[in-house]
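Heads up: the structure comes next, in C-alpha cells.
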Amino acid sequence: MKMSKLFIKLGFLFVIGFTPIYAQQTLNPDTIQAGAFDMGKMWAFDYPPLNYFAKTYNFSPNAQWFEKARLSALRFANYCSASFVSENGLVMTNHHCARESGFEAQKPGENFNANGFYAKKITDERRVNGLYVEQLQKIEDITERVQKAMSQTQDKSAQLAARTKEFEAIIAEYKNKEEWKGLILEPMTFYSGGKYALHGFKRYNDVRLVFMPELNLGFFGGDYDNFTYPRYDLDCSFFRVYDDNGQPLKTTNYFKFNSNPITENEPVFIIGNPGSTGRLWTISDLEYRRDITLPFVVSYLKKRSQILQEYNKKAKKDSLINEIFSFENSIKAYGGELDGLLNPYLMARKVAFERNFKADVQKKTDLADKLSTWNEIDQVNTNSRKFAYDNLLFSGNSNLTGQTFAFALNVSHYLYALQNNRARAVEFKRKIGRIAPPNTDELDQAYLAAYLSELKQKLGNDPIVAEILGNQDPTEVAKRLLNTTQLKTGAIWNKLASGDSLAIAQLNDPLLNIAKLASDRYLKASAQMKINNERLSIYWSELGHLIFELYGTNYPPDATFSLRIADGIVKGYNYNGTKAPYKTTFYGLYDRYYSFPRGEAWDLPKRWLNPAKELLPITMNFVSTNDIIGGNSGSPVINKNLEVVGLVFDGNMESLPGRFIYIPDANRSVSVSAEGMLGALKYIYKASRLQNELEEGK
C-alpha cells in the first residue's frame, strides 16, 4: 500500500490511498470536522445502543435478543472469535484461525494444507489438544468499587497497584458466588478506565475439528489479496464442542444459517471480540506511534520477511509458510496504520475531535481542571522518545536479533539484574527458557546481520555501535560472532538452571560480551518506559472517565478483546477509480484462477477444477460497513433475525487506519457468505452431513 499523500487539484483535497476521495475546500485543519463515528461502532454488550439501533435501522431488539446473541458468540482460544451454529455444539470460525490450532489434529502422512479435512462421520471428528472456546455468561459492573479503590492515592503507580488489588479481591469474592462458580473471571476495562466490568466465561476444553478447506481456498490469493477486495476466499472452518461426558454439546443458543442471497443495503451485525484499538489516544500518542513505534516495526518486519522468503525458496519448508504469512500480514496491518497516521486529512479529523473534547471539558466547571491531562500525556511521550530505541533495540526480541543473540541479551540482562534489580531477574530467566534454538544457522546469521545494520541506522555514531561494528561490514561481523560464540550449546542453560551465574558472568564469550554492553542501557530504558506506560495508563483512564462523563455511551469504548456488536449495512464502495461490488461470486474465483499462471497464489486444488454450474453464480464474499479489527476474525455476521448470513475474515486496505479512527465511507469488513459456504460444502466437498446440520440447525 503506497503512503498516502495530499494533493491539491482544482481547489479540492485528494487523499490517495483511501477511497472514496475525500473532498474538502481548504487545507486549513481548523475547517475539517470530526466524523460522527470516528470513535467507531464496536458497541459493548454491557451498554447496548438501543436508541441508536431504533433510530438507524427502525430495529428495537429486546433483552432476549441481546442475550441470545451474546450466548451464541464465542471467543476462540485467545486470538479469534467464533460462534455456535447448531444445537449440537457446532462451532464456526475462520480457516486462518483454525490454522493456529487445527494442525494439532493432523496425523502422520496427512497434509491439511494440501487436502483440507472433513469428518464424514461424527466419530471422525478429532479433538484438538489445548484448544478451547469461551462463552460470555455473566456481566457485572464493578466501576464504583474499582474507582473508589484507586482514588485513595494520588500516586500513579500506587493507583495501578490499587486497581490490581481490587480486581483480585473482586475475583476472590465472585468465584464463590453460586451463579459465578466454575466460570473464568476476567476484569474488563472500558473507556481506558472510565468504566470497569467483571465478565464470567464458561470455558469448553473438548473442541474437535469437523471441517477445514485446503490452504489454497482458505487463503486464496495469499498475501497479494490479503486486506483487499474484491475477494474470493473460503476462509471458514468448523469445529464441535463436546460436553464433560464426551457427547456433542446440547445448546439452545446458536445462530442458524440463512441460505438466502445477501442483498445490498441489508442491515447486518458482527458479533465478536475485537482485539485492540486506540481511538481514545491523544494527538501526542498518535504522533509518537507515527514517528517511533510503527516505522521501526514495519521496517524490521519487511527485512525479516524478505530473509525468510529468500531462504525458503531453497529450503521449501512448510513450517515457515505460516511464519512468512504472519510477517506479511503484520507488514500490511502496521503499514496501513502508519499510512493513515501520515494522512493529513485523517489526522486533522483526530485534531478536530480532540479540540472539541477539550472545549466540552472546559465548559464544565467541575471538569475544567482535567485539561492538564493532555499536557501530562505530551510530557510523558516526549520523555519516552529519549529511551525508545534503547528499549526497542536491546529488548532481546528473537524476531529482531535472531535466536542466539536474543539468548545472549537475555542472559546478560539476567546477570545485570541479579546485581542491580533482582526483582527483574526472574523475568529474564523466564524469557531465556522460552527462546528456541535457531531454525538454521543461515537464518540466525541473516537476522543478526540485519539487526546490526539497523543498530547502526538508528543509533548512528553511538559508542555501542562503534564497539560492536567499527567500520566493519555487519554481515561479516554477524558471521564471526556466531562462529565463535559458545552460546549455541546447552552448557550455558545448564549453568543457569543450576544457579551457577558466577561462572556465566566470568565467561569470555564474544556474543555475551557485546550483550553486556547493552544491559545497563536496556534496564534503565525499560524501567523508565514502564513508569511512563503506567503514567499513560492513568492519564488515559482520566480521559476515559471524561468521555463517559460528557458523552455517556454515545461513543463505544476502545476494543479490549471483549465481546462487541458492530452494526452496518452490506454496501460496495468506490476504489481505485472504479467501483467495488457489494458481493463477489464463484465466477470470480475461476476468473482469478485462469487469469494468473500456475504456481501463483491463485491456484486451485484438483477437486475445484470442474465445478457444477449451479455453484458459479452463488455469492462467495461480500463487504459491509461494520467496524472490525484483529480479534474479530471468525465473528459471525448476522441479520435482525439472529441468523448467520456471513463469516467475517478480513478488512479492506482502507480499513487499516481503523486502529485509531473509523471511516464508514471507505472502511469495509470482508466476509464469506453463508450461501457460499453451503454451496462449497454441497457442490465441491460433498459434505452432506455438515451441510444438512447447518441448514437445519441440528
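Among the residues making up the stretch 457-486, those that are surrounded by fewer than 15 Cβ atoms within 10 Å (Cβ to Cβ) and either under 35 Å from the mean Cα position of the chain (by Cα) or in a helix (DSSP H, G or I) (or both) are Gln457, Gly460, Pro463, Ala466, Glu467, Glu476, Arg480, Asn483, Thr484. Taken as a whole, the condition of being buried (at least 19 other Cβ atoms within 10 Å of the Cβ), under 17 Å from Leu217 (Cβ atoms) and touching a Gly at 6+ places or on another chain (Cβ under 7 Å) applies to Trp602. Each residue in the stretch 381-409 was checked for being crowded, with 20+ Cβ neighbours inside 10 Å and among the β-branched types (Val, Ile, Thr), and 2 of them qualify. So, in the stretch 584-642, how many residues would count as being under 30 Å from Phe53 (Cα atoms) and of a type in the set (Lys, Arg)? Residues flagged as under 30 Å from Phe53 (Cα atoms) and of a type in the set (Lys, Arg) within the stretch 584-642 amount to 1. When Phe59, Phe53 are checked against the criterion of being part of a helix (DSSP H, G or I) and either among the aliphatic types (A, V, I, L, M) or in contact with a Pro (Cβ under 9 Å, 6 or more places away or on another chain) (or both), Phe53 stands alone in meeting it.
Residues considered: Tyr573, Tyr594, Tyr587. Of these, the only one that is modelled with pLDDT of 95 or more and touching a Leu at 6+ places or on another chain (Cβ under 9 Å) is Tyr587.
Residue by residue, here is whether (1) open to solvent by less than 10 Å² (accessible area, probe 1.4 Å); (2) closer than 24 Å to Lys256 by Cα; (3) in contact (Cβ under 8 Å) with a residue 24 or more places away in the chain; (4) not hydroxyl-bearing (Ser, Thr, Tyr) holds:
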| residue | (1), (2), (3), (4) |
| --- | --- |
| Phe45 | no, yes, yes, yes |
| Asn51 | no, no, no, yes |
| Asn62 | no, yes, no, yes |
| Ser72 | yes, yes, yes, no |
| Cys80 | yes, yes, yes, yes |
| His96 | no, yes, yes, yes |
| Thr123 | no, yes, no, no |
| Ile142 | yes, no, yes, yes |
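Of the residues making up the stretch 72-84, those that are part of a loop (DSSP other than H, G, I, E, B) and either touching a Cys at 6+ places or on another chain (Cβ under 9 Å) or farther than 17 Å from Leu131 by Cβ (or both) are Ala77, Tyr79. Look at (1) under 24 Å from Trp281 (Cα atoms); (2) among the aromatic types (Phe, Trp, Tyr); (3) touching a Gly at 6+ places or on another chain (Cβ under 7 Å) and you find that Trp180 fails only one, number (1). Number of residues in the stretch 296-324 that are open to solvent by 40 Å² or more (accessible area, probe 1.4 Å) and not hydroxyl-bearing (Ser, Thr, Tyr) equals 13.
Taken across the stretch 578-592, residues that are of a type in the set (A, V, I, L, M, F, W, C), in a strand (DSSP E or B), in contact with a helix residue (DSSP H, G or I) (Cβ under 9 Å, 6 or more places away or on another chain) and closer than 23 Å to Met653 by Cα do not occur at all. Can you say whether Tyr683 is surrounded by fewer than 22 Cβ atoms within 10 Å (Cβ to Cβ) and either touching a Cys at 6+ places or on another chain (Cβ under 9 Å) or touching a residue at least 24 places away in the same chain (Cβ under 8 Å) (or both), as far as the supplied structure shows? So Tyr683 fits the description; yes. In the stretch 410-434, the qualifying residues are those that are among the small types (Gly, Ala, Ser) and open to solvent by 10 Å² or more (accessible area, probe 1.4 Å), and the one that is nearest to Leu511 (Cα to Cα) is Gly433. Could you count how many residues in the stretch 529-554 are open to solvent by less than 50 Å² (accessible area, probe 1.4 Å) and either at negative phi or touching a residue at least 12 places away in the same chain (Cβ under 8 Å) (or both)? Residues meeting the conditions: 15. Residues in the stretch 641-660 that are over 17 Å from the mean Cα position of the chain (by Cα) and over 19 Å from Tyr582 (Cα atoms) were compared, and the one that is least open to solvent (accessible area, probe 1.4 Å) is Leu642.
All of Pro248, Pro274 fail the test of being within 30 Å of Ile538 (Cβ to Cβ) and not charged (D, E, K, R), apart from Pro274. The set of residues in the stretch 560-577 that are crowded, with 19+ Cβ neighbours inside 10 Å, in a strand (DSSP E or B) and either more than 24 Å from the chain's Cα centre (by Cα) or among the aliphatic types (A, V, I, L, M) (or both) comprises Ile565, Ala566, Val570, Tyr573, Tyr575.
Within the stretch 325-358, being open to solvent by less than 40 Å² (accessible area, probe 1.4 Å) and more than 21 Å from the chain's Cα centre (by Cα) holds for Asn343, Tyr345, Leu346, Met347, Ala348, Arg349, Lys350, Ala352, Phe353, Glu354, Phe357. Pick from Leu215, Leu136, Leu185, Leu198: which is under 30 Å from Gln106 (Cβ atoms), touching a helix residue (DSSP H, G or I) at 6+ places or on another chain (Cβ under 8 Å) and among the hydrophobic types (A, V, I, L, M, F, W, C)? Result: Leu215 is the single residue among Leu215, Leu136, Leu185, Leu198 that is under 30 Å from Gln106 (Cβ atoms), touching a helix residue (DSSP H, G or I) at 6+ places or on another chain (Cβ under 8 Å) and among the hydrophobic types (A, V, I, L, M, F, W, C). Looking only at residues of the stretch 499-528 that are open to solvent by less than 60 Å² (accessible area, probe 1.4 Å) and within 30 Å of the chain's Cα centre (by Cα), we find that the one that is farthest from Arg480 (Cα to Cα) is Gln528.
When you scan the stretch 602-624, do you find a residue that is within 24 Å of Ala36 (Cα to Cα), more than 19 Å from the chain's Cα centre (by Cα) and of a type in the set (S, T, N, Q), even just one? Checking the stretch 602-624: at least one residue is within 24 Å of Ala36 (Cα to Cα), more than 19 Å from the chain's Cα centre (by Cα) and of a type in the set (S, T, N, Q).
The values are calculated or read from the model by the stated rules, or taken from the named source; none is laboratory data. Note that this is a predicted model, so its numbers are computed, not measured. Note: ideal-geometry Cβ built from the backbone for every residue, glycine included; neighbour counts use all protein chains shown. Ligands, DNA and RNA are excluded from the accessible area calculation, which covers all protein heavy atoms including side chains. Shrake-Rupley method; radii C 1.70, N 1.55, O 1.52, S 1.80 Å.
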